[in-house]
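Novice: After the structure tokens below, expect a handful of questions from me.
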Amino acid sequence: MWRFLAGVGSALALMAAGLFLFRGQAATEAVRIAAAPPPANVAMTGSDPIDPPRATDRTREQKRFDRYDKDRDGKITRDEYLVSRRKAYAKLDADDDGRLSFDEWAAKTTGKFVKADAGRNGALDPAEFATTAVKRKPARRVECPPAAEDAES
């Protein structure tokens with residue numbers, strides 16, 4: 001019985017010592033933070049220098065609007081709105097004549113067909129056609145370790 005009481009007493013003594021040490025460190029940390037001068041790059045404007053800087057309150061739609069509004073006049077003109085489409089069109093217009101032929105429009109698909117046609121016969125068999133499938137990333141799976149079996153079973 002005396003061993004049980006000695007164990008309980010020592011556990012209580014360790015908890016009291018840990019609490020005492022924790023409170024003592026926390027108090028000195030608070031004093032050290034309060035006594036530390038503000039960093040040189042923080043302007044004292046009455047706000048707490050410990051507060052982290054805040055992000056702007058702009059919404060996703062406001063950021064999107066700003067990407068289109070190139071001249072920053074608060075309005076998106078038709079030309080500003082269509083600039084991304086003009087760039088995409090210019091990439092497709094291979095001969096720079098301002099006109100998009102079917103072959104220019106289908107150049108990527110045509111190149112994919114030529115690359116897949118290993119027999120160079122102008123037609124794809126099932127094996128050749130399988131090479132044109134879109135390569136997708138495999139679904140990300142989380143592998144969990146198997147559950148530990150009970151020692152009793």
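The values are calculated or read from the model by the stated rules, or taken from the named source; none is laboratory data. Predicted, not measured: the structure shown is a model, and the values here were computed from it. All Cβ positions, glycine included, derive from the backbone under ideal geometry; neighbour counts span all protein chains shown. With ligands, DNA and RNA removed, areas are computed over all heavy atoms of the protein, side chains included. Shrake-Rupley method; radii C 1.70, N 1.55, O 1.52, S 1.80 Å.
Novice: Taking the residues in segment 115-132 that are open to solvent by 60 Å² or more (accessible area, probe 1.4 Å) and under 37 Å from the mean Cα position of the chain (by Cα) as candidates, determine which candidate is farthest from ALA94 (Cα to Cα).
Specialist: The qualifying residue farthest from ALA94 (Cα to Cα) is ALA130.
Novice: In the list ALA148, ALA90, ALA106, which residue meets the criterion of being out of contact with any helix residue (DSSP H, G or I) (no Cβ under 6 Å at 6 or more places or on another chain), loosely packed, with under 10 Cβ neighbours inside 10 Å and small (Gly, Ala, Ser)?
Specialist: It is ALA148.
Novice: Before we move on, is ARG78 at pLDDT below 90 and not β-branched (Val, Ile, Thr)?
Specialist: For ARG78, the condition - at pLDDT below 90 and not β-branched (Val, Ile, Thr) - is not met.
Novice: Here's another thing I want to ask about it. Here is a list: ARG58, ARG67. Which entry is modelled with pLDDT of 85 or more, open to solvent by 100 Å² or more (accessible area, probe 1.4 Å) and either touching a Gly at 6+ places or on another chain (Cβ under 6 Å) or more than 30 Å from LEU124 (Cβ to Cβ) (or both)?
Specialist: Within the list ARG58, ARG67, the selection yields ARG67.
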